[in-house]
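One structure is given below, encoded as structure tokens.
Where a number appears in this text, it was derived from the coordinates with a stated rule and is not lab data. Remember, predicted model here, so these are calculated numbers, not experimental data. Please note: Cβ atoms are built from the backbone with ideal geometry, for glycine as well, and neighbour counts cover all protein chains shown.
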């Protein structure tokens, strides 16, 4: 595995072949780092479930922890993405996100078929990712404009999601989870296409975007599987 | 040229029925207005949040991750559960 920091500035290649080499290198590094980022996420989720850390926090406390932790890490990633320190900071962020995931994982593991639901959600997320990665190589048209619409959709999803923390409606949660799977699947396609088109030249930024989309797809799938396939006995 | 006149044989609606129809139209208008206002507010919130995030989707994506984690526990919605106490009813023998 060769994870060398890549400059974010527009690539000043001498020809199309060197540009293609550069794009392939960014894509390869993104896939490697993405695979690596799963390890701290699983470790974080395991730690969170075994210690009951995330479950002990109420919504208010988890908001504060999230704001400080996630935004702090993202700020650090932004500052270090052009240096070798960017990779450990990103892995630290994925560990933190794993801890944040542990509340849901713990709830699903409390079901009698919880482990199989988690494996199903993991397989489903993998299938979506593979599908989107394949699509990104097939689709030839420019998907840049799709990003704006996806962003607006995501913001509306976020507003509705925050409202549902107070409303506590299961029906709205199901609707939002289904919409989230669609939006974040499209985000995976958009992000990978950006790398392939040479618009994203930093693999740490690319990994961060794709990782968060995969994380959200997994969480939504797990939520839906817990609702429709969960067995209490 | 013919001039149209209201027919003398036109069915006459009762006053309460007419009032009900008018009330229905007002209600529909109010619902449409409320929907439009809600949509406008959602769009405004989306625009404000977009400005707050300054187009960086990673922050919004991570925020959605938190918002979803804070949702109610994944349980199948079963509706309201009502506890019903069943008592044995004994009929006294008639004298």
To the nearest 10 degrees, how steep is helix A:16-51 against the longest Cα principal axis of chain A, on a 0 to 90 scale?
-> 20
Kindly provide the helix-only [θ] at 222 nm of chain A, computed as the sum of -39,500 (n - 2.57) over DSSP H runs of four or more divided by all residues, to the nearest 500 deg cm²/dmol?
-> -28500 deg cm²/dmol
Sticking with the crude label model, points 7 Å out along Cα→Cβ, report the distance from residue A:135 to residue A:122 in nm, one decimal please.
-> 2.5
What spacing in nm lies between the two simple spin-label points modelled at residue A:149 and residue A:166, each 7 Å away from Cα in the Cβ direction?
-> 3.1
Gain in span if fully extended, residue A:82 to residue A:61, counting 0.36 nm per residue against the direct Cα distance = 4.3 nm
Compute log10 of I(q)/I(0) for chain A with the Debye formula, placing one identical point scatterer on every Cα and leaving out solvent, at q = 0.13, 0.15, 0.16, 0.17 Å⁻¹, to two decimals.
-> -0.83, -1.10, -1.24, -1.38
Round to the nearest 10 and give me the degree value, 0 to 90, for the angle of helix A:86-109's Cα axis relative to the longest principal axis of chain A.
-> 30
How do B:14, B:63 line up, fewest other C-beta atoms within 10 Å first?
-> B:14, B:63
Nearest-ten-degree value, helix A:144-167 long axis tilted from longest Cα axis of chain A | 20
Sorting A:78, A:200 on the 10 Å Cβ count, fewest up front, what's the list?
-> A:78, A:200
Fewest Cβ neighbours within 10 Å first, please rank A:191, A:232, A:197 accordingly.
-> A:232, A:197, A:191
